[in-house]
Amino acid sequence: MATLRDIRRRINSVKSTQQITKAMKMVAAAKLRRAQQRIVEARPYALKLREVIASLALRTEPERHPLLARRETGRKGLVVVAADKGLCGAFNANILRKAFDYLRQAGDTEVQIILLVVGRKARDFFRRRQIERQGEWINVFDQLAYTHAAEIGSQLAGAYIGGELDEVDLLYNEFRSAGIQRPVMERLLPIEPLSVESGELEPVEFIFEPSPEVILSELLPRHVEVQVYRALMESAAAEQGARMTAMEAATKNAAEMIERLTLVFNKARQERITKELMDIVGGAEALREAGTA
Amino acid sequence: MARVEGIPKMVTLEVVTPTRMVAREEVEEVVAPGAEGYFGVMGGHLPFMSTLKTGELAYRKNGTWRYLAMSWGYAEVRPETVIILTEAAEKAEEIDAARSQRARDRAFERLARWGDESIDVLRAQTSLARALTRLEVAEKTQ
């Protein structure tokens, strides 16, 4: 039987844990708002870029651009995006398990998978399992900026053009709502043909400077960067959502535990008082008996 | 010179980066750093697409010129709109001159070690171009 002091100590410790989880939840909520806002702010650029590339593709021979060219898949790049930090429920575990299963399945086929990881948790996971990584980007989510995506994107595009990778897929957690994240796998390279609804494309004759081909070849790498940026932002928002939910649950569990411990504490206190009373009553009784004797 | 009927006097200028909409304004004239030289746009310009290089983007609104420093980008010009997509753009008043000066000095210092294997000359050159543009643009507001 734990002493009263032990129980009191446990209650205090759970209380301070609860304060931390509560604070983390609030921080995650604020960061989630910021992450969602960032997704919205990035939309006009991505949409416009997409529209322009689609319209340029109609005026040129897009197959001739190396980023659009399809090749037999021999070496396939897989970019796994996880978080830099934990304490966000099954967020990291889900995506990493998916990546791990995928790698194992691919082991039985001819295709060679080149693994690239984003996020400290992803790096640590594969490092522990001694799986080789061709690229690592860590500590990107604390100060997520377009430059991170630009660096990752241009490196991947370079490897694709150089023939080191014949295909590149992105595996990341998609943000559905604050409570729901879903691992998704998306094709990054070669760039899937972009199309706009035919109604949107007006038959205007543009003057191009330099040529449509040159403009297209400058825009395509940017499209890759934007895709990477979007995946990073989605993952960042999903991570904060997962952390918020996890911390919310932790706070609730702590509250339950405090309630239970308080009950145990009160019972123990009651028992002690009863025991003390019995001692006093017993003592008084003994004294009285001694007096009358 | 009398304006021809039907030609719009103003153009809507939109400057968009991956992280934000830097500007969206009705302006009288835009001068942008085209890949093949600066070009000016007024209302009623023919449809025109161009890539842009690091440089100064200027626009005139109510008779006053305003300036933006921008890095690589793309412009789509239509009779009534100019849309500029760029990786980074800053209004003159947003530029951190001290930071740009440091960037410029760093780039100079790296370029001075030309031939050293560890120096990425191309990167140093572009960051120098960016820093110089920023400083030039920042000066124009004073």
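Karplus-derived 3J(HN,Hα) values for segment B:56-67, using 6.51 cos²θ - 1.76 cosθ + 1.60 with θ = phi - 60°, are 9, 9, 10, 9, 10, 10, 6, x, 9, 8, 10, 10 Hz; glycine and proline are entered as x.
For chain A, the fraction of 1.4 Å probe accessible surface lying on carbon and sulfur atoms is 53 percent. Once each of the trypsin sites (Lys or Arg not before Pro) sitting in a DSSP loop with at most 12 other beta-carbon atoms within 10 Å is removed, chain A keeps A:130-293 as its longest stretch.
When ligands, DNA and RNA are left out and all protein chains stay put, how many square angstrom of accessible area per residue does segment A:207-293 have with a 1.4 Å probe? Intermediate values should be presented prior to the final figure.
Values: 4840 Å² over 87 residues.
In whole numbers, segment A:207-293 has 56 Å² accessible per residue.
Within 11 Å, Cβ to Cβ, of A:Arg71, how many net charges do the neighbouring residues add up to if Lys/Arg are +1 and Asp/Glu are -1?
Working: positive: A:Arg70, A:Arg75, A:Lys76; negative: A:Glu72, A:Asp166, A:Glu167.
Charge balance near A:Arg71 sits at 0.
Take the Cα of B:Arg113, go 7 Å toward its beta carbon, and the backbone nitrogen atoms of segment B:121-142 under 12 Å from that spot belong to B:121. Once the 1.4 Å probe is applied to the protein heavy atoms, chain B comes out at 53 Å² accessible per residue. Computed from protein heavy atoms with a 1.4 Å probe, the total accessible area buried between B and A is close to 2200 Å². Estimated from helices alone, the mean residue ellipticity of chain A at 222 nm is -22500 deg cm²/dmol (sum of -39500 (n - 2.57) over DSSP H runs with n ≥ 4, per residue).
Assuming a ≥ b ≥ c are the square roots of the Cα gyration tensor eigenvalues, decide whether segment B:11-92 counts as rounded (a/c under 1.5), prolate (otherwise, with a/b larger than b/c) or oblate.
Details: a/c = 1.39, a/b = 1.14, b/c = 1.22.
Cα axes put segment B:11-92 in the rounded bin.
Prolate is the label for chain A, because the ratio a/c of its alpha-carbon gyration tensor axes (a ≥ b ≥ c) is 1.5 or higher and a/b is greater than b/c.
The distance from the alpha carbon centre of segment B:1-78 to that of segment A:1-61 is 37 Å, rounded to a whole number. The modelled label-to-label distance between A:Gln155 and A:Asn139, using points 7 Å beyond Cα along the C-beta direction, is 1.4 nm.
Spin-label pair A:Leu47-A:Glu285: with each label point 7 Å from Cα along the Cα-Cβ axis, the two points sit 8.5 nm from one another.
For segment B:29-142, which whole-number percentage of the solvent-accessible area (1.4 Å probe, protein heavy atoms only) is attributable to carbon and sulfur atoms?
On the way: 2820 of 5770 Å².
Its accessible area is 49 percent carbon and sulfur atoms.
Quote the FRET efficiency, to the nearest 0.05, computed for A:Asp124 versus A:Leu277 with a Förster distance R0 of 60 Å and r equal to the Cβ-Cβ distance. Can you show the working numbers first?
Numbers: r = 58 Å, r/R0 = 0.96.
About 0.55, to the nearest 0.05.
Anything losing 10 Å² or more of accessible area from the isolated chain to the full protein assembly: pick those residues out of segment A:206-238, probe 1.4 Å, ligands and DNA/RNA ignored. Residues shielded by partner chains are A:Phe206, A:Ile207, A:Phe208, A:Glu209, A:Pro210, A:Ile215, A:Glu218, A:Leu219, A:Arg222, A:Tyr229. Burial of accessible area (probe 1.4 Å, heavy atoms of protein chains only) in segment B:83-109, relative to its chain alone, reaches at least 10 Å² for B:Ile83, B:Leu85, B:Glu87. Applying both filters, DSSP loop and at most 11 other Cβ atoms within 10 Å, to the trypsin sites (Lys or Arg not before Pro) of segment B:1-98 gives B:Arg3, B:Lys9.
Of A:Tyr102, A:Tyr229, the order by accessible heavy-atom surface (1.4 Å probe, DNA, RNA and ligands excluded), from most exposed downward, is A:Tyr102, A:Tyr229. Projected label points at A:Asn266 and A:Asp101, each 7 Å from Cα along the beta carbon direction, are separated by 4.7 nanometres. Does segment B:52-142 come out rounded, prolate or oblate by the C-alpha gyration tensor, with a ≥ b ≥ c the root eigenvalues, rounded set by a/c under 1.5 and, if not, prolate when a/b is larger than b/c and oblate if not? Cα axes put segment B:52-142 in the oblate bin.
Are there chymotrypsin sites (Phe, Trp or Tyr not before Pro) in segment B:57-142 that DSSP puts in a loop and that have at most 12 other Cβ atoms within 10 Å, and which ones?
Values: sites: B:Tyr59, B:Trp65, B:Tyr67, B:Trp72, B:Tyr74, B:Phe108, B:Trp114; in loops: B:Trp72, B:Trp114.
Passing both the DSSP loop test and the Cβ count: B:Trp114.
Per residue, the solvent-accessible area of segment A:1-99 (1.4 Å probe, heavy atoms of protein chains only, all protein chains present) comes to 56 Å². Residues of segment A:116-147 with amide nitrogen under 19 Å from the 7 Å Cα-to-Cβ point of A:Ala93? Residues A:120-129 fall inside that zone.
The values are calculated or read from the model by the stated rules, or taken from the named source; none is laboratory data. Bear in mind that the values here come from a model prediction, so they are computed numbers and not experimental data. Positions of Cβ are generated from backbone atoms using ideal geometry, with glycine treated the same way; all protein chains shown enter the neighbour counts. Quick note on the areas: whole protein, heavy atoms, side chains included, nothing else; ligands and nucleic acids left out. Shrake-Rupley method; radii C 1.70, N 1.55, O 1.52, S 1.80 Å.
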